[in-house]
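Engineer: One structure, as structure tokens, below. Some questions next.
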Amino acid sequence: MARKMADKRKVWLNGELIPWGQATVPLLSHGFSRGSAMFEAFSIHQGPDGPVAFRMDEHLKRLERSADLLGMEMRYTTDEIAAAVAQVVGANRVGRGIAKIMAYWSAEAVIQLVLESKLDVAVFAIPDTGDLHLGDASPVSACLSGWRKLHPETVPVAAKACANYLNAYLARKEAQDRGYDVGLLLGTDGFLAEGSIESLFLVKGGVLKTPPLGRILSGISRLSVLEVARSIGIPVEETALRADALVTADEIFVSHAGIKVRPVNRFEGRVLEAPGPVTGKLLNLMTDILDFRNRQFSHFFQPLA
């Protein structure tokens, strides 16, 4: 049944809508065999007047920034990609789901490392079938990973490059092997960085704290949480944090594109209130925003109809 459903879906690939099963690349493509692809993913919501994208404008800016950081050239403008998202969301009749944009070189590269051609672009619109767990705010457990976050002088960590996620995979696998949901990474400088796909937040004495930019991905959900927190008077600090801050934190939560606020109820052997008072306020407000009950943040959404 899943295969039949998938076969009916469309993918926008380099300006054309094609069947899902035809959206492929050669095994020796540069993007696959050299790991040079990059991507963006953001949530789709069913708004009062049709489907809308959560902060697609910021995600597309980051996509362009990723290409610049990696010395690559996009084939399409942000306006053209935004139109592609709207087209494929409409074609697949997605109300609640995820849009994922892949930018990559499909050309085969047996030994060649540097290509001069513009990047191919594929846009997917994936409906929420439950296995995506979109908006699932049930608490998760977290541990400190034995792996370190990639150093920003080895690769641009601000780029959403697929190759960077091997680091994330190792942290997640280690966490799961130990019986935890999320592995939190330290940077090579010894300060807290982020999770595999999650931005990290903790609360101490009513103050919301999160690692600063520079050694982590500039998360769009992270940006949104900070904006929402400041709007209701929650003190915010973007500051370097040692691992022991997790041991003394009153509350911990994580954030990513699929789940904007997800409380942590256990860090290593320590049990935490989840959600705590501050996390609960942010979770409730973000839920109201995503369910269109709070219009103060209507600028977070871009129409797709």
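Engineer: If the Cβ limit is 9 Å and pairs must be 6+ apart or interchain, which residue in segment 261-280 that is modelled with pLDDT of 95 or more pairs with which residue that is among the basic types (Lys, Arg) and surrounded by fewer than 22 Cβ atoms within 10 Å (Cβ to Cβ)?
Structural biologist: Filtered contacts from segment 261-280: Leu272/Arg266; Ala274/Arg266; Pro275/Lys281.
Engineer: Next question, about the same structure. So, in segment 173-207, exactly how many residues are over 15 Å from Arg262 (Cβ atoms) and hydrophobic (A, V, I, L, M, F, W, C)?
Structural biologist: Going through segment 173-207 one residue at a time, the tally reaches 6.
Engineer: Across segment 228-256, which residue is nearest to Leu272 (Cα to Cα) among those that are without any contact (Cβ under 8 Å) to a residue 12 or more places away in the chain and assigned to a helix (DSSP H, G or I)?
Structural biologist: So, considering only residues that are without any contact (Cβ under 8 Å) to a residue 12 or more places away in the chain and assigned to a helix (DSSP H, G or I), the one nearest to Leu272 (Cα to Cα) is Asp244.
Engineer: Take Val88 and tell me if it is surrounded by fewer than 19 Cβ atoms within 10 Å (Cβ to Cβ), among the aliphatic types (A, V, I, L, M), out of contact with any helix residue (DSSP H, G or I) (no Cβ under 8 Å at 6 or more places or on another chain) and not assigned by TED's automatic domain parsing to the domain that holds Ala243.
Structural biologist: No, not satisfied.
Engineer: What's the total number of residues in segment 34-76 that are assigned to a loop (DSSP other than H, G, I, E, B), touching a residue at least 24 places away in the same chain (Cβ under 8 Å) and closer than 23 Å to Ala107 by Cα?
Structural biologist: Residues that pass the stated criteria total 9.
Engineer: Does Gly219 count as modelled with pLDDT of 95 or more and on the phi > 0 side of the Ramachandran plot?
Structural biologist: So Gly219 fails the test.
Engineer: Within segment 99-119, is there a residue that is closer than 21 Å to Met286 by Cβ, buried (at least 19 other Cβ atoms within 10 Å of the Cβ) and either touching a residue at least 12 places away in the same chain (Cβ under 8 Å) or in the same structural domain as His256 (by TED's automatic domain parsing) (or both)?
Structural biologist: yes
Engineer: Which residue pairs have Cβ atoms closer than 7 Å, lie 6 or more positions apart in sequence or on different chains, and pair a first residue in segment 145-159 that is closer than 14 Å to Leu185 by Cβ and in the same structural domain as Arg172 (by TED's automatic domain parsing) with a second residue that is small (Gly, Ala, Ser) and crowded, with 19+ Cβ neighbours inside 10 Å?
Structural biologist: Ser145/Ala171; Ser145/Ala175; Ser145/Gly183; Trp147/Ala171; Arg148/Gly187; Lys149/Gly187; Lys149/Ala193
Engineer: Right, here's the next one. When you scan segment 186-206, do you find a residue that is touching a Gly at 6+ places or on another chain (Cβ under 7 Å), farther than 21 Å from Leu63 by Cα, in a strand (DSSP E or B) and among the small types (Gly, Ala, Ser), even just one?
Structural biologist: no
Engineer: Just one of (1) touching a strand residue (DSSP E or B) at 6+ places or on another chain (Cβ under 8 Å); (2) buried (at least 18 other Cβ atoms within 10 Å of the Cβ); (3) among the hydrophobic types (A, V, I, L, M, F, W, C); (4) outside any loop (DSSP other than H, G, I, E, B) trips up Ile289, so point out which.
Structural biologist: Condition (1) is where Ile289 drops out.
Engineer: Follow-up question, since we're still on this one. Mind checking whether some residue in segment 142-154 is more than 22 Å from Thr78 (Cα to Cα), more than 20 Å from the chain's Cα centre (by Cα), assigned to a loop (DSSP other than H, G, I, E, B) and modelled with pLDDT of 95 or more?
Structural biologist: Checking segment 142-154: at least one residue is more than 22 Å from Thr78 (Cα to Cα), more than 20 Å from the chain's Cα centre (by Cα), assigned to a loop (DSSP other than H, G, I, E, B) and modelled with pLDDT of 95 or more.
Engineer: Which one of these does His256 not meet: (1) out of contact with any Lys or Arg (no Cβ under 9 Å at 6 or more places or on another chain); (2) closer than 18 Å to Phe42 by Cα?
Structural biologist: That leaves (1) as the condition not met.
Engineer: Inside segment 160-216, can you point out the residues that are among the hydroxyl-bearing types (Ser, Thr, Tyr) and within 16 Å of Val236 (Cβ to Cβ)?
Structural biologist: Ser199, Thr210
Engineer: Here is a follow-up. Applying the selection to segment 283-305, what residues are aliphatic (A, V, I, L, M) and either farther than 18 Å from Ala142 by Cβ or touching a Leu at 6+ places or on another chain (Cβ under 8 Å) (or both)?
Structural biologist: Leu285, Met286, Ile289, Leu290, Leu304, Ala305
The values are calculated or read from the model by the stated rules, or taken from the named source; none is laboratory data. A quick note: this is a predicted structure, and the numbers were derived from the prediction, not measured. Please note: Cβ atoms are built from the backbone with ideal geometry, for glycine as well, and neighbour counts cover all protein chains shown.
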